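Structure, as structure tokens:
We did not get these values from a lab; they are worked out from the coordinates using the rules stated. All values reported here derive from a predicted model rather than from experimental measurement. A quick note on method: Cβ atoms are made from the backbone with ideal geometry, for glycine too, and the neighbour counts reach across all protein chains shown.
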Amino acid sequence: MSFMEFVIAAIGIASAIGVVGFRNPLSSAFSLILHLLSIAGLYALLGAHFLAVSQVVVYAGAIMVLVLFVLMLLNLKSESGRRIGIVRSALTVGVGLVIFLTVSGPMLAQFTDISQATLEQNIKASEGGVKAIGELLYGKYMVQFELSSLVLLVGVVGAVMLAKRKNVQLTPREGGMGGAK
Amino acid sequence: MDPITSYLGIACLLFTIGGIGLCLRRNAIVLFMCVEMMLNAVNLAFVAFSKIHGNLDGQVAVFFVMVIAAAESAIGLAIILSVFRSVASIETTDAAELKW
Amino acid sequence: MVELLILILKVFLVMNLALVLGSTCTWLERKGSALIQDRVGANRAGAFVYSENRFVNVLLAPLRMAGWLGLINTLLCDSLKGISKEDFIPEGSSKFLHAMAPVVAVLPIMLAFAVLPLAPDFYAWDYFVHARVAPIDAGILFVLAMGSVAVYGIALAGWTGNNKFSILGSLRAVAQMISYELPMGLVFVSLIVIYGSLDVYTMVEKQQELLWGVVPAWGVVYQPVGFIVLLLAGMAETKRGPFDLPEAESELTAGYFTEYSGMKFLLFWLGEFCEIALFALLLALLFFGGWDIPWVTLPKGVWWAALIGHAVLMAKVIFFCVLQIVIRWTLPRFRYDQLMNLGWKMLLPVALINLVITAVAKVLL
């Protein structure tokens with residue numbers, strides 16, 4: 001792996017451990033933002049340029065802002081008392097290790113049915129330009145595309161219905177920030 | 001191991017870290033963030049596979065996963081807010097009992 | 001090897017340009033606001049240098065002129081004052097995040113300059129030079145992505161301030177910025193529909209022609225509504241102009257800036273003015289033809305045509321910077337609910353309808 005790949009992957013893994021490890025949920029959130037940006041960097045290194053930019057726009061730019069908003073509005077303290085015991089932590093990490101070995105075993109096996117030359121050719125052929133992805137998205141995956149717009153609509157309506165306060169009268173003075181204390 | 005396969009290894013590692021976080025943390029928002037991390041690990045594996053096989057179907061799959069994750073994050077955070085209003089805490093151990 | 005050297009030179013030049021434009025905007029703001037408010041502005045520092053030696057005195061005349069214009073005051077004295085101030089970090093918050101917040105607010109703005117072309121492509125001793133640092137094919141989407149990431153600097157700044165004014169100010173600023181990203185993105189999509197490419201260079205290239213032989217085919221001719229929407233949305237996104245409630249002194253004691261002093265505050269300040277320059281560059285490139293002189297055609301690929309094009313582009317950028325400064329000092333501030341109303345209830349439907357009409361027109365014509 002080249003130097004760039006190594007550095008960005010290291011940042012990604014370190015920030016992932018930071019998400020799990022920090023006690024303050026806001027530090028976890030900022031660590032996740034760094035993780036998402038490093039994953040975007042990995043996509044760019046893999047040649048998926050459109051995906052890298054849309055990862056920054058969607059994940060790091062919109063979803064994490066939502067999470068940060070919720071965290072700041074709820075104004076939480078760090079996780080209170082009752083720390084998880086050392087036995088349970090060690091057991092969890094052990095089970096995690098077993099899962100890792102199980103998942104990565106078949107994935108990391110050498111792909112013997114694809115020769116090295118075909119691999120090189122395939123790497124060149126899969127440059128994620130916007131035009132190529134657009135042709136696939138609006139051609140072969142048109143139905144899925146339309147359905148995903150429906151999913152987003154359901155998401156928006158559901159979020160508004162769930163988070164709305166019941167029986168609240170907003171006075172004209174409260175305006176856009178009505179209800180937040 | 002050729003360079004593309006090492007991306008798959010990184011994806012597995014990130015998935016496992018997300019899974020461990022999901023088991024260890026009690027704060028609902030941190031749980032949500034660990035789920036997002038697992039989704040991202042799967043996305044990385046998709047992109048690596050698309051590069052191995054030489055077509056862009058993997059990247060289109062990543063696109064759809066991102067869309068679903070966005071919708072899920074909106075609804076998940078709305079659920080967390082609703083739970084916070086009735087229980088006044090977002091630790092999962094505080095909401096573990098049904099109303100009698 | 002030569003490509004690497006050209007890349008380093010390009011990065012250096014673009015960074016220089018971004019910072020020089022930002023600093024020029026600070027000076028324009030100071031003197032321009034003075035002119036608009038019918039006062040003189042800063043004209044003392046460096047205006048009275050004098051030397052007994054007559055020869056040196058003549059050489060000092062440009063320095064006196066610069067001092068009289070307020071350049072030395074704004075560019076030199078403000079920076080020295082900022083560097084020498086005490087740099088404190090509020091108690092009870094993370095030192096690292098407090099120091100990182102200005103960086104996270106300013107760095108994406110500098111990065112967004114990387115995908116914007118600053119001159120037409122030209123040949124230099126048989127190397128074909130793209131006049132932008134990163135010729136990726138998702139150009140405009142990258143600018144939108146950087147605008148989305150710049151939100152985190154504001155959130156960090158407010159949270160590490162550890163007082164209610166900062167948090168309130170930063171929440172309002174974040175809500176404002178993410179609300180106005182939507183009309184901005186929709187205007188970008190309308191432009192993509194018209195020009196058929198996400199790359200900003202292709203968009204500028206297509207604006208060089210003449211429409212119906214008479215009118216230059218600039219973006220503002222294709223998308224007048226889009227221009228107005230982008231002007232408003234961009235000014236709200238950069239928290240400038242009548243949308244600067246997050247920095248309002250009378251209401252929030254400087255909002256999310258409250259706990260910042262010295263060089264960190266100057267970094268926020270410089271970032272805001274570089275954002276003005278970025279937005280002016282975007283407007284000039286997308287809507288006013290970039291380096292196009294209306295009815296004059298210059299030969300492509302020649303280095304002196306690139307230089308003239310760059311000069312024309314900079315003239316347009318300075319025009320839009322002055323426009324934003326004039327708008328800021330002329331209009332009173334919006335109230336917060338008026339601001340959000342404008343973003344969600346007026347600009348977003350207008351941008352959507354604009355997109356639909358553009359798409360229909362593109363298919364039919």
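Remarks
- FRET efficiency, B:Val87 to B:Val42 (Cβ-Cβ, R0 45 Å, nearest 0.05): 0.90
- Within chain C, the selection of entire DSSP H helices by a Cα span of 20 Å or greater along the long axis and an average Kyte-Doolittle value of at least -1.0 returns C:2-36, C:95-112, C:164-195, C:262-287, C:303-330, C:348-364.
- Residue exposure sequence - C:Ile154, B:Ile17, C:Ile357, C:Ile178 - by fewest surrounding Cβ within 10 Å: C:Ile357, C:Ile178, B:Ile17, C:Ile154
- Radius of gyration and Dmax over the Cα atoms of region C:20-174, both given in Å: 21.7, 60
- Degrees between helix B:57-87 axis and first principal axis of chain B (Cα, 0 to 90, nearest 10): 10
- In chain C, helical runs assigned H by DSSP with n ≥ 4 each contribute -39500 (n - 2.57); averaged across all residues and rounded to the nearest 500, the mean residue ellipticity at 222 nm is -21000 deg cm²/dmol.
- P(r) for chain C, from all Cα pairs and a bin width of 20 Å, is 26, 55, 18, 1 %, short bins first.
- Fully extending the segment from C:Leu298 to C:Leu13 would add 100.2 nm, taking 0.36 nm per residue of separation and subtracting the current Cα-Cα distance.
- For the segment A:12-23, counting C-beta atoms of other chains within 10 Å of every residue's C-beta and taking the mean gives 5.
- Global size of the protein assembly as shown: 26.5, 96 Å for Rg and Dmax (C-alpha atoms, Rg to one decimal, Dmax whole).
- For the pair A:Ala90 and C:Val40, label points projected 7 Å from Cα toward Cβ lie 7.9 nm apart.
- Placing unit charges on the Cβ atoms only, positive for Lys and Arg and negative for Asp and Glu, gives chain C a dipole magnitude near 600 debye about its Cα centre.
- The modelled label-to-label distance for the pair B:Lys99/C:Ala61, using points 7 Å beyond Cα in the direction of Cβ, is 8.7 nm.
- Here the Gaussian network model covers chain C, with springs between Cα atoms less than 10 Å apart; of C:Gln176, C:Gln338, C:Gln208, C:Gln338 fluctuates the most.
- Shown here: region C:162-294, whose C-alpha atoms stretch 59, 26, 23 Å along the first, second and third principal axes, sorted largest to smallest.
- FRET E, pair C:Leu80, C:Asp126, Förster distance 51 Å, beta-carbon r, rounded to 0.05: 0.65
- With the charge dipole of the protein assembly as shown set up from +1 on Lys and Arg Cβ and -1 on Asp and Glu Cβ about the Cα centre, the Cα lying farthest toward the positive end among the listed residues C:Leu211, B:Asn27, C:Val189 is that of B:Asn27.
- Taking the square roots of five times each eigenvalue of the Cα gyration tensor of region C:295-341, the equivalent ellipsoid has semi-axes of 38, 11, 8 Å, listed largest first.
- Placing pseudo-labels 7 Å out from each Cα toward the beta carbon at C:Met263 and A:Val154 gives an inter-label distance of 5.3 nm.
- Projecting the Cα positions of A:Leu108, C:Val133, B:Ile4 onto the charge dipole of the protein assembly as shown (unit charges on Cβ atoms of Lys, Arg, Asp and Glu, taken about the Cα centre) puts C:Val133 furthest along the positive direction.
- Ranked for footprinting exposure by Cβ neighbours inside 10 Å, fewest first, C:Glu237, B:Glu97 give B:Glu97, C:Glu237.
- Shown here are the Rg and Dmax of the Cα trace of region B:3-87, at 15.2, 51 Å.
- Legend: mean number of C-beta atoms from other chains within 10 angstrom of residue C-beta atoms, peptide B:24-36, equals 6.
- By the count of other C-beta atoms within 10 Å, a proxy for reagent exposure, C:Trp303, C:Trp212 are ordered fewest to most as C:Trp212, C:Trp303.
- The magnitude of the dipole of the protein assembly as shown, with charges of +1 and -1 set on the Cβ of Lys/Arg and Asp/Glu and taken from the Cα centre, is near 1620 debye.
- Dividing the convex hull volume of the alpha carbon atoms of region A:11-76 by its residue count gives 55 Å³ per residue.
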